[in-house]
1. I'd like to check something: does segment 55-72 contain any residue that is aromatic (Phe, Trp, Tyr) and either surrounded by fewer than 16 Cβ atoms within 10 Å (Cβ to Cβ) or at pLDDT below 85 (or both)?
2. Restricting attention to segment 102-122, and to residues there that are part of a helix (DSSP H, G or I) and surrounded by 18 or more Cβ atoms within 10 Å (Cβ to Cβ), which single residue is modelled with the lowest pLDDT?
3. Take the residues in segment 15-40 that are surrounded by fewer than 21 Cβ atoms within 10 Å (Cβ to Cβ) and closer than 12 Å to residue 82 by Cα; name whichever of them is modelled with the lowest pLDDT.
4. Would you be able to say whether some residue in segment 72-83 is closer than 22 Å to residue 5 by Cβ, of a type in the set (A, V, I, L, M, F, W, C) and assigned to a strand (DSSP E or B)?
Amino acid sequence: MLLDTPSLTIRFEPQENWLWVHWRGAHDAASVFQDCNRLLECAQQCGCTKILNDSSEAYGEWWQAAEWIGQEFLPQLASAGVQAVAWVNAMDWPSRHAVASTMQYARGLTIRTFDFDELEAAQQWLYTVPV
């Protein structure tokens, strides 16, 4: 366990060399910015190549951070060595919209991202992504 707060849990899975990131509760652009920076620190610390980013229990309107995530944060993750992010969608419509907005800004990166509705499908995709 690298981080465990009410809004975010980050665990390193050494056998897969990925971070399991679990977002929970209400989020807005400020909390997303803060927690993304925590996530970046953990990725740099572990040297992981993949992230399982589970937003299924997150809610709120944080779409204002979407452009920053796609154009700045994801490239920072790529610079830290992350090559793939499987993103499990939130069931909350505003958060789901924010994920979709982020994906449109994440084009042209060396990092591969894909969004999923089910955790199992996201895990299976990460297993198949060559690094």
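The values are calculated or read from the model by the stated rules, or taken from the named source; none is laboratory data. Since the model is a prediction, treat every value here as computed from it, not as a measurement. Backbone-built Cβ (ideal geometry, glycine too); neighbour counts: all protein chains shown.
1. The first filter runs over segment 55-72 and keeps only residues aromatic (Phe, Trp, Tyr), leaving 59, 62-63, 68.
Among the residues that remain, those that are also either surrounded by fewer than 16 Cβ atoms within 10 Å (Cβ to Cβ) or at pLDDT below 85 (or both) are: 62-63.
Taking every residue of segment 55-72 in turn, at least one turns out to be aromatic (Phe, Trp, Tyr) and either surrounded by fewer than 16 Cβ atoms within 10 Å (Cβ to Cβ) or at pLDDT below 85 (or both).
2. From segment 102-122, those part of a helix (DSSP H, G or I) are 102-105, 119-122; that's our starting set.
After this cut, where a residue has to be surrounded by 18 or more Cβ atoms within 10 Å (Cβ to Cβ) as well, the list is 102, 122.
On the way: 102: 72, 122: 89.
Per the stated criteria, the residue is 102.
3. It comes out as 17.
4. Within segment 72-83 (the criterion being closer than 22 Å to residue 5 by Cβ, of a type in the set (A, V, I, L, M, F, W, C) and assigned to a strand (DSSP E or B)), the answer is no, since none of the residues qualifies.
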